[in-house]
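Below you'll find the structure, written out as structure tokens, and then a few comments.
The values are calculated or read from the model by the stated rules, or taken from the named source; none is laboratory data. As the structure is a computational prediction, the values presented were derived from the model and not from experiment. In this analysis, Cβ positions are derived from the backbone assuming ideal geometry, glycine residues included, and neighbour counts consider all displayed protein chains.
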Amino acid sequence: MHRLNLTIDEPLYEQARLHSFVSKKSISQMVREGLKLYLTEKTNDSVKAQLVLEAKDEKEILEILAEDNYITDDEFAKKLRQ
């Protein structure tokens, strides 16, 4: 596990602290759960991040990061079938 240091404003901290008390979960656990939910949302950024993880070399990674008009392999295959 990695340690992460983050800064949040006072009202958000107080809300998290109260929720932590009521739910009997640590703030760290709530942050982990929230981050996991955020990262599993299907957004353009999450698709792009997955493409970077699957890229085979630095050139491909740079092309993915530079281009906003990209599609996944599944989307490409669907277009070919049409």
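Have a look at Leu39, Leu53 and point out the one that is surrounded by 11 or more Cβ atoms within 10 Å (Cβ to Cβ) and out of contact with any Phe, Trp or Tyr (no Cβ under 8 Å at 6 or more places or on another chain).
Only one candidate qualifies: Leu39.
Just to be sure before I move on: is Tyr38 part of a helix (DSSP H, G or I), within 20 Å of the chain's Cα centre (by Cα) and aromatic (Phe, Trp, Tyr) in the structure I sent? Give the derivation first.
Numbers: part of a helix (DSSP H, G or I): yes; within 20 Å of the chain's Cα centre (by Cα): yes; aromatic (Phe, Trp, Tyr): yes.
Spelling it out, Tyr38 is indeed part of a helix (DSSP H, G or I), within 20 Å of the chain's Cα centre (by Cα) and aromatic (Phe, Trp, Tyr).
Check region 44-51 and report whether any residue there is farther than 25 Å from Met1 by Cβ and either among the hydrophobic types (A, V, I, L, M, F, W, C) or part of a loop (DSSP other than H, G, I, E, B) (or both).
So the first thing to find is which residues in region 44-51 are farther than 25 Å from Met1 by Cβ, and the list is 44, 47-48, 51.
Add one more test, that the residue is either among the hydrophobic types (A, V, I, L, M, F, W, C) or part of a loop (DSSP other than H, G, I, E, B) (or both), and what stays is 47, 51.
Yes, there is a match, as at least one residue in region 44-51 is farther than 25 Å from Met1 by Cβ and either among the hydrophobic types (A, V, I, L, M, F, W, C) or part of a loop (DSSP other than H, G, I, E, B) (or both).
Kindly establish whether Glu33 is at negative phi, at pLDDT 80 or above and among the acidic types (Asp, Glu).
Taking the combined requirement at face value, the residue satisfies it.
Could you grab me the full set of residues in region 10-29 that are among the charged types (D, E, K, R) and either surrounded by 10 or more Cβ atoms within 10 Å (Cβ to Cβ) or not in a helix (DSSP H, G or I) (or both)? Walk me through how you get there before you give the answer.
Restricting attention to region 10-29, the residues satisfying the condition of being among the charged types (D, E, K, R) are 10, 14, 17, 24-25.
Correct list: Glu14, Arg17, Lys24, Lys25.
Scan Glu60, Glu67, Glu10 and give me the residue that is modelled with pLDDT under 75 and either of a type in the set (Lys, Arg) or more than 19 Å from the chain's Cα centre (by Cα) (or both).
Glu60
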